[in-house]
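The structure under discussion appears below in the form of structure tokens.
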Amino acid sequence: MLQSIRDKAQGWFAWAIVVLISVPFALWGIQEYLGVGAEPVMASVNGQDIKEREFENTYQRFRASLRQQLGDAYRADLFDEAKLREDVLQSMVRDRLISQAADRMGLRISDSQVRGAIAGISAFQVNGRFDTAAYEQVLRQQGYSEQEFQEQIRQALLIEQVTSAVTNSELITQRELNESKRLRDQRREISYLLLPAADFIKPGAASAGEIDAYYAANQSRFMLPERVRIDYLELKMSQLSESVTPSEEELRRFYEDRQAEYVTPEQRRASHILITIDGEGEEAESAARNRALEALKRIQNGEEFAAVAKELSQDPGSAEQGGDLGFVEPGMMNPSFDKVLFGLAKDEISEPVRTDFGYHLIKVTEVREGSKESFEDVKDALQAAYRSNEAEGQFYKYSERLVDLAFEHSDSLEPAADALGLKVVTSDWVSRSDASKIPGGNRAINVAFSDDVLVEGNNSELIEISSDHVMVLRVHAHEEAAARPLDQVRDEISTILAQQQAATLAEEKGMSLLPRLRQGESLEQLAKEASLKVEETGLVARGESKLSPAIAQRLFSMPRPEGDATVFDGVALPNGDFAVIALHKVEDGSLDGVDEKALQSLKVSQTRAKGRESFEFVVQLLKDSSDVVINKPREQ
């Protein structure tokens with residue numbers, strides 16, 4: 001296309017276009033002309049903007065962190081994209097509020113604190129120590145400059161300082177501790193009578209007028225959801241792998257290129273005696289070498305190598321083990337050490353060997369010969385590896401080509417399908433709740449119902465299902481949400497009305513029993529009268545699963561019985577049943593008999609809970625007293 005423009009852009013007409021473009025560029029600058037001068041603002045906190053670029057960088061790093069934490073279990077459709085973006089933005093606003101509060105309080109984080117925090121991050125450490133190369137590599141992978149990362153660490157430390165100042169300032173009194181234990185571990189003895197709504201069902205009781213009225217008032221309950229059929233193209237690395245058929249020659253070249261993978265190097269178990277050099281100069285050097293020679297002479301005179309190593313070796317890591325270093329492969333040790341070690345015979349002891357650490361006496365105690373797997377031995381594995389390797393390269397090329405073709409021919413997937421040898425698949429009807437019915441799940445559903453795809457009629461951008469599975473889609477057909485005709489739902493409404501009536505009758509019956517119970521009749525008498533069974537649960541604690549949540553909630557809101565009296569109440573359950581509850585006894589939790597360790601743990605947990613509650617209150621106060629404007633994060 002660009003070449004075509006070049007070919008035709010000749011003469012006075014082309015120059016006129018150049019002038020028309022140049023004038024606005026000169027007056028306002030290229031950024032203003034292209035509309036990129038004013039970066040979109042995602043949120044504003046007391047006049048401080050959170051720009052779209054900052055938000056996107058934070059969001060993408062958060063997604064990368066999720067991917068790393070979940071590993072192979074990560075799937076893009078596990079997360080609601082819009083909700084995730086909203087949560088990240090809210091978190092950024094919260095952090096900005098706390099940072100501003102810290103600034104008003106005059107709190108600061110020094111450079112040494114930042115350096116100390118960075119040095120303590122395990123991702124930057126090698127063998128337990130901070131490693132500059134690892135630090136720089138991780139920053140490059142995450143897209144940070146050193147200055148950006150250090151500033152982020154500074155802000156994180158500042159926020160932590162404010163958070164700790166609030167949460168750690170709380171104290172828990174003995175009275176609060178007693179009350180917390182009393183309520184948290186409280187148990188209540190209960191029995192109850194369940195009146196099933198099913199016992200009160202009267203089929204066909206609803207009149208035609210009632211059904212019509214219910215339909216008119218509740219049409220939203222009988223809507224067919226908005227739905228689409230989508231066309232889509234899937235690209236899987238496994239598809240590409242199946243099409244790769246390497247020749248014998250290609251496999252042999254592949255084998256030669258990867259020979260190191262099929263070679264087990266020789267390993268030698270080594271012991272050594274290290275004599276370090278104390279000081280500098282020839283005299284110190286000579287003294288260390290002489291000490292090594294004296295040790296060698298003792299061994300040659302019959303002393304055990306291990307015994308001399310325990311006595312004389314100055315290597316703290318191996319001296320106690322008689323100098324044993326375990327098995328060593330070529331390249332693992334200092335070059336001078338390595339050369340001598342792999343030139344010795346089994347049980348042979350070297351002359352003193354000079355390295356940066358000092359002088360070594362080296363002994364080979366065991367030899368494991370190396371081995372090499374032949375081409376024929378690993379041919380099947382080579383084919384699989386070759387296919388995977390080739391498919392991976394093709395997958396990324398095909399993915400890029402798929403993106404380009406879907407964009408260039410935004411009104412059809414056929415050109416991309418023809419060019420890449422893929423098949424356009426058309427789905428059944430799917431609504432926003434039918435994520436499981438199409439590849440890509442929620443992510444694909446969100447894209448299918450986005451304005452760009454649904455309203456504008458464009459092909460979607462590339463949708464990543466997993467690291468080796470992508471797709472693009474477009475809407476094949478669309479139906480707006482619509483109410484189902486009354487004739488289709490008449491029986492359904494009749495059933496609903498019958499169930500509602502049954503639930504009302506069950507509740508009326510249950511409520512009518514409460515006065516009788518309070519006047520002295522027993523729950524057992526009433527149960528026998530209704531041919532029902534009294535449920536005896538004994539003492540139950542808060543949140544016990546053997547009780548319906550509705551019954552448990554009502555149970556722990558009932559007043560305490562006085563003396564031996566029983567307190568009665570009732571509650572309607574979500575399924576329409578009604579429970580008549582008898583509360584017989586309340587046993588409070590107590591600190592009596594709690595050992596010191598458990599008591600201390602309870603204090604800590606309650607103090608932290610109180611601290612978190614106070615901190616959330618402080619954050620809400622900051623929000624309420626601040627000028628916060630949040631713009632809805634746009635969906636990708």
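Specify whether the C-alpha gyration tensor of the chain places it in the rounded, prolate or oblate class, a ≥ b ≥ c being the square roots of the eigenvalues: rounded for a/c under 1.5, otherwise prolate if a/b is larger than b/c and oblate if not.
Values: a/c = 1.99, a/b = 1.36, b/c = 1.46.
In terms of gyration-tensor shape, oblate.
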### Summary
Ordering 278-284, 41-47, 501-507 by per-residue average of other C-beta atoms within 10 angstrom, highest first, gives 501-507, 41-47, 278-284
### Message
If packing is taken as the average number of other Cβ atoms within 10 Å across a peptide's residues, how do 317-326, 464-473 rank, most packed first?
### Response
464-473, 317-326
### Query
Given 397/423; 379/423; 51/83, which pairs have Cα atoms separated by over 22 Å?
379/423
### Relative contact order (percent, whole number), the chain, Cα cutoff 8 Å, 6+ residue spacing
25 percent
### Query
If you add up the charges near residue 500, with Lys and Arg at +1 and Asp and Glu at -1, over every other residue whose beta carbon is less than 14 angstrom from its beta carbon, what do you get?
-3
### Message
On a straight-distance basis, which aspartates and glutamates could pair with residue 363 in a cross-link, Cα separation under 13 angstrom, same-chain partners fewer than 8 positions away excluded?
### Response
304, 324, 338, 347, 348, 351
### Query
Can you give me the relative contact order of region 340-447 as a percent, contacts being Cα pairs under 8 Å and 6 or more apart?
11 percent
### Query
Hey, got the dipole for region 376-522? About the Cα centre, +1 on K and R Cβ, -1 on D and E Cβ, debye to the nearest 20?
860 debye
### Task
Would you mind ranking 396, 262 by Cβ crowding within 10 Å, fewest neighbours first?
396, 262
### Query
Got a sec to turn the phi values of region 491-501 into Karplus ³J(HN,Hα) couplings, 6.51 cos²θ - 1.76 cosθ + 1.60 with θ = phi - 60°, whole Hz, x for Gly and Pro?
5, 4, 5, 4, 5, 4, 5, 5, 5, 4, 5
#### Entry: Cross-link pairs beyond the 28 Å C-alpha cut-off, checked among 202/437; 297/346; 181/509; 202/528
202/437; 181/509
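Would you please classify the overall shape of region 139-200 from the alpha carbon gyration tensor, given that a ≥ b ≥ c denote the square roots of the eigenvalues, rounded means a/c under 1.5, and beyond that prolate means a/b larger than b/c while oblate covers the rest? Write out the running numbers ahead of the final one.
Working: a/c = 6.87, a/b = 1.98, b/c = 3.47.
Since a/c reaches 1.5 but b/c is at least a/b, the shape of region 139-200 is classed as oblate.
Using unit Cβ charges (K, R positive; D, E negative) and no other charged atoms, how large, in debye to the nearest 20, is the dipole of region 290-414 about its Cα centre? Don't skip to the end; give the middle numbers.
Numbers: 14 positive and 26 negative charges, 154 e Å.
Taking the Cα centre of region 290-414 as origin, the dipole is about 740 debye.
For region 296-381, compute the orientation-averaged projected area of the C-alpha convex hull (one quarter of its surface), in nm².
7.3 nm²
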## Note on the structure
Debye calc, one equal point scatterer per Cα of region 202-306, no solvent, log10 I(q)/I(0) at q = 0.12, 0.25 1/Å comes to -0.83, -1.27
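Find me the longest stretch of the chain that has none of the exposed trypsin sites (Lys or Arg not before Pro), where exposed means in a DSSP loop (not H, G, I, E or B) with at most 13 other Cβ atoms within 10 Å.
Details: sites that count: 108, 346, 423, 533, 546, 634.
Counting at most 13 other Cβ atoms within 10 Å as exposed, the longest clean stretch of the chain is 109-345.
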### Task
Evaluate the relative contact order of region 266-369 (contact order divided by residue number), counting alpha-carbon pairs under 8 angstrom at least 6 apart; express in whole percent.
42 percent
### Query
So what is the calculated 222 nm ellipticity per residue for the chain, using -39500 (n - 2.57) for each DSSP H run with n of 4 or more, over all residues, to the nearest 500 deg cm²/dmol?
-16000 deg cm²/dmol
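If packing is taken as the mean number of other Cβ atoms within 10 Å per residue, what is the order of 196-202, 572-578, highest first?
Order by mean packing, descending: 572-578, 196-202.
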### Task
Return the sequence-ordered ³J(HN,Hα) values of region 92-99 in whole Hz as given by the Karplus equation 6.51 cos²θ - 1.76 cosθ + 1.60 applied to θ = phi - 60°, using x for Gly and Pro.
5, 5, 4, 4, 5, 4, 5, 4
### Task
Binning at 10 Å from 0, report for region 506-636 what percent of all alpha-carbon pair distances ends up in each bin.
9, 26, 22, 16, 18, 8, 1
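A short reminder: the numbers here are calculations on the coordinates, not readings from a lab. Fair warning: this is a prediction, and the values are worked out from it, not measured in the lab. Glycine also receives a Cβ, built like all others from the backbone with ideal geometry; neighbour counts cover every protein chain displayed.
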